[in-house]
Amino acid sequence: MNHELLELRGIGKKFPGVVALAGVDFTVRAGEIHALLGENGAGKSTLIKVLTGVYQADAGELRLAGQVIRPTAPKDAERLGISTVYQEVNLVPSLSVAENITLGRQPGRLGFLNWRAIRRRAEAALARLEVHCDVDAELGSLSVARQQMVAIARALDTSARLLVLDEPTASLDEHEVAELFGIMRKLRGEGMGIVFVTHFLDQVYAVSDRLTVLRNGQLVGEYATADLSRLALVGKMLGREVSAADFTNQAAAPAVATAPVISARGLTRRGAIAPVDLALQAGEVVGLGGLLGSGRTETARLLFGIDARDAGEISVQGGPVRIASPRDAVRLGLAFCSEDRKAEGILPNLSVRENLIFALQGKRGMFRALGRAEQEQLCDHYIKALRIKTADAETPIKNLSGGNQQKVLLARWLATRPAVIILDEPTRGIDIGAKQEIEQLIAKLRDDGMAVLFISSEIDEVVRNCSRVLVLRERRLTGEVAGAGLNSENLMHLMAGTHEG
Amino acid sequence: MKPRHPVFWPLAGLLALVLLNAVHDLGFLKVTLLDGHLYGVPVDILTQGSRTMLVALGMTLVIATGGVDLSVGSVVAITGAVCAVLLQGGHGLTLTLAAAIGTGLLAGSANGLLVARLGVQPIVATLILMVAGRGLAQLIVDGQVIIIKSSAFEYLANGFLLGIPFAPLLVTALYLGTHFALRRTALGLFLEAVGDNETASRFAGLAAARIKALAYIFCGACAGLAGVLAAANIRAADAYRAGENMELDAIFAVVVGGTALTGGRFVILGTAIGALLIQTLTTTMYNLGVPPAIAPVPKALLIIGVTLLQSDKVGRWLGGLMRKKAAT
């Protein structure tokens, strides 16, 4: 049964100036879930793209079920039985579920579509996954999780033997992840090989049978998941040994209670968040916990003036202030790193330098332009201090990896010397090394006397970094934990609404 | 391979076209000094092209924000009409010019309000003024072509300063002024940022709507001044024909000059070259006696050619072809 389904031998791929992959072997057996791991820039995406025909390898050999293959386009790979679901759902939101599942291969003749066959096929594809949803519904009206299921159904609609899931869980909540895992296990049972790319280690251990680790375009090794401890895995990914101390809670409450730097009372927006009170002191990291959709981001957006609030007052340094736009907020010494780096963070075609100085320049206004020397000095400083990996400061930011883009955005805000910084999922979609660096940075900012509001879906991360956590559930503030009570169990109970009292 | 400077292809196109003309007729490049004034085809191109250059300058900023202004041609007609009526009424040159620029600013503000504040799509918002503007111009001149008899006014388009035609000098000064105003302040960066990712710009604390509105207002002012030059050039306000299709020439000039219609990075020098390229082609057609009815065809071919050369995909394809040839 467990024969080799996919064998990649000595895969090499070069881009101008970069060796993305060098002599990588990768084997997936039929009937297994195989996790592909590595930091950003390790070569995961490139390997996936070679596999799915987006790129052609410069060296090496691909075999599927023993036969040499050379996919030259995604369509090619699909025909061979390799189907892919990408991180961002690549479907058409304005079309129906059935249309999306069959798009590009609709049954019909002479350019006329056979609608009945289309629906039947879509229903069959969904039934295979035991997903129940109306195939006539517009895709955009479904939750992201459901859209992901539809994307998988679409991938399986072809006669797939190998399914590639590229970070499918990035935008799913825990329940949805469990549902996805159920489907993955079912497909494994049917003898399909599944390649699972993820950043979440919990999920690797929850669902994968074996795993392959890449680092800097090279193969580190292939392991049975059960034989590799979590700490060892992290060590393999980072290329260094990690001590257990890296994961303990080092966040300390400020020694002396002082007047809050920023406080909000009765912050409300209909349909987004019920009245919330919060206060942040200088030198503390306060977490905003809760499941996806619990109102964390909504609260941050109200605080930063992105959305208009229906009621509530905000005070900065003790005095009431008017925050009607991000511009007001920035001028008052606030900073906000959005969770959606691509849509709300980076200026993709502008250089690292321009991205980095942008908020500071905005704060100064258009007439007090930063001189070129000053800009370069800022860039040098932050590229070094945050260890941003970029060819130089003039590279367009879109060419950087996710983790490095995030560091540039952090630098953008730090350059404005804010008193309060709101970090909404600052470690989402970035590799472990960058994650640790960002966590270290947060600790440093706290020690320097900045007030940090930290939003994260990863409970461990919240516990590690915060001295106090406000928990939101179903768009209202439901509790606060601090000190000894700040542990993942308490937090989970509060988030799930299963705590006592 | 390093990416080519964005003005490489438009400049190459311009040079090729000039070369073609020179080969066809050696007199093309000839510039003579007559009564202390410069004359010749290149001088004509600069003088006649100055209006398109001016409109394209404003258009560059609007396109950088990710928008487009279709109303510039109509604004040219309106300002021409305003000038003619004021001059006919015996008003002075200063007042007339102030009124013309004011009209342009007002038109730009209307566009800016619709696009930046009310969130109307740029094409729709400026289409309103494009259509209504012609009617408004007709209304101002009461459907007549008004002849302008002010020599001071005419000087703006057809006069010479130290032997050099005045209009191109004025436009060059405006290009330089705009370039420095955008690059010495942070306004250039802000425009590019808004065009590249408006949401991110706003979230970083930028008054994105204000920046966008500013681009439309500046574009209106440029069109207003171009209206003055257009009316002065023919010594008349022709509400029906003035500035006709100018929006298209301006957009061509901007795109050919290397600024993408999707917004973001803008290339002011490229726009100037793009406008000159289009004017050179128009003049070439005229000199060759190509009937005006089919003149747009070569124009279109040229634009397709230059834009194709700028495309990365075609560049790679051509690069591959050359390598293959070199190998055999």
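Among the listed residues A:Leu139, A:Leu163, A:Leu126, which satisfies the condition of being buried (at least 21 other Cβ atoms within 10 Å of the Cβ) and in contact with a Cys (Cβ under 8 Å, 6 or more places away or on another chain)?
Working: A:Leu139 fails: in contact with a Cys (Cβ under 8 Å, 6 or more places away or on another chain); A:Leu163 fails: in contact with a Cys (Cβ under 8 Å, 6 or more places away or on another chain).
Unique residue meeting the criteria: A:Leu126.
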Could we say that A:Ala411 is out of contact with any strand residue (DSSP E or B) (no Cβ under 6 Å at 6 or more places or on another chain), of a type in the set (A, V, I, L, M) and at pLDDT 85 or above here?
-> yes
Scan segment B:250-307 residue by residue and report those that are more than 27 Å from B:Thr65 (Cβ to Cβ) and of a type in the set (Phe, Trp, Tyr).
-> B:Tyr286
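Please go through segment A:133-176 and pick out each residue that is of a type in the set (Asp, Glu), assigned to a helix (DSSP H, G or I) and touching a strand residue (DSSP E or B) at 6+ places or on another chain (Cβ under 9 Å).
A:Asp157
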Return a yes/no flag: does segment B:117-138 have any residue that is farther than 30 Å from B:Thr32 by Cβ, in a helix (DSSP H, G or I) and within 14 Å of chain A (Cβ to nearest Cβ).
-> yes
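With the requirement that a residue be assigned to a strand (DSSP E or B) and exposed (fewer than 14 other Cβ atoms within 10 Å of the Cβ), what does segment A:62-108 give you?
Result: A:Gln67, A:Val68, A:Gly108.
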Got at least one residue in segment A:390-403 being out of contact with any Leu (no Cβ under 7 Å at 6 or more places or on another chain), crowded, with 22+ Cβ neighbours inside 10 Å and touching a residue at least 24 places away in the same chain (Cβ under 8 Å)?
-> yes
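Considering only residues that are among the basic types (Lys, Arg) and either within 8 Å of another protein chain (Cβ to nearest Cβ) or in contact (Cβ under 8 Å) with a residue 12 or more places away in the chain (or both), which ones fall in segment A:318-335?
A:Arg327, A:Arg331
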Take segment B:167-215 and flag every residue that is in contact (Cβ under 8 Å) with a residue 60 or more places away in the chain and touching a Gly at 6+ places or on another chain (Cβ under 6 Å).
-> B:Leu182, B:Glu192, B:Gly195, B:Asp196, B:Ala213
Expected output for segment A:207-218 (first residue in contact (Cβ under 8 Å) with a residue 40 or more places away in the chain and within 14 Å of A:Ile11 (Cβ to Cβ), partner β-branched (Val, Ile, Thr) and buried (at least 21 other Cβ atoms within 10 Å of the Cβ), Cβ below 8 Å, 6+ apart or cross-chain) is A:Leu214/A:Val24; A:Gly217/A:Val24; A:Gly217/A:Thr46; A:Gln218/A:Val24
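Okay, residues lined up against (1) within 9 Å of chain B (Cβ to nearest Cβ); (2) free of Cβ contacts under 8 Å to residues at least 40 places away in the same chain:
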site	(1), (2)
A:Phe304	yes, no
A:Arg309	no, no
A:Ile314	no, no
A:Leu350	yes, no
A:Leu356	no, no
A:Leu360	no, no
A:Ala373	no, yes
Inspect segment A:34-46 for any residue being in contact (Cβ under 8 Å) with a residue 60 or more places away in the chain, more than 22 Å from the chain's Cα centre (by Cα) and surrounded by fewer than 22 Cβ atoms within 10 Å (Cβ to Cβ) and give the result as yes or no.
-> no
Filter result (surrounded by 19 or more Cβ atoms within 10 Å (Cβ to Cβ), among the hydroxyl-bearing types (Ser, Thr, Tyr) and over 25 Å from A:Gln405 (Cα atoms)) within segment A:292-338 | A:Ser294
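Please find, within segment B:44-84, the residue that is surrounded by the fewest Cβ atoms within 10 Å (Cβ to Cβ) out of those that are hydrophobic (A, V, I, L, M, F, W, C) and touching a strand residue (DSSP E or B) at 6+ places or on another chain (Cβ under 7 Å).
Selected residue: B:Leu46.
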Collect the residues in segment A:214-232 that are among the hydroxyl-bearing types (Ser, Thr, Tyr) and not in a strand (DSSP E or B), keeping them in residue-number order.
-> A:Thr225, A:Ser229
So which of B:Leu229, B:Leu176, B:Leu214, B:Leu156 ends up being more than 16 Å from the chain's Cα centre (by Cα), more than 14 Å from every other protein chain (Cβ to nearest Cβ) and in a helix (DSSP H, G or I)?
-> B:Leu156
Return yes or no: is B:Gly188 assigned to a helix (DSSP H, G or I), surrounded by 21 or more Cβ atoms within 10 Å (Cβ to Cβ), in contact with a His (Cβ under 9 Å, 6 or more places away or on another chain) and facing chain A (nearest Cβ under 10 Å)?
-> yes
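One line per residue, one yes/no per condition, for (1) under 22 Å from B:Leu302 (Cα atoms); (2) touching a Cys at 6+ places or on another chain (Cβ under 7 Å); (3) modelled with pLDDT of 90 or more:
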{"site": "B:Ala207", "(1), (2), (3)": "no, no, yes"}
{"site": "B:Ile217", "(1), (2), (3)": "no, no, yes"}
{"site": "B:Leu225", "(1), (2), (3)": "no, no, yes"}
{"site": "B:Ala231", "(1), (2), (3)": "no, yes, yes"}
{"site": "B:Ala236", "(1), (2), (3)": "no, no, no"}
{"site": "B:Glu247", "(1), (2), (3)": "yes, no, yes"}
If you check A:Ser338 against the conditions, is it facing another protein chain (nearest Cβ under 9 Å) and of a type in the set (S, T, N, Q)?
-> yes
Count of segment A:446-477 residues which are in contact (Cβ under 8 Å) with a residue 40 or more places away in the chain, under 21 Å from A:Leu280 (Cβ atoms) and in a helix (DSSP H, G or I) = 7
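The values are calculated or read from the model by the stated rules, or taken from the named source; none is laboratory data. Keep in mind that this is a model prediction, so the values were computed, not measured. All Cβ positions, glycine included, derive from the backbone under ideal geometry; neighbour counts span all protein chains shown.
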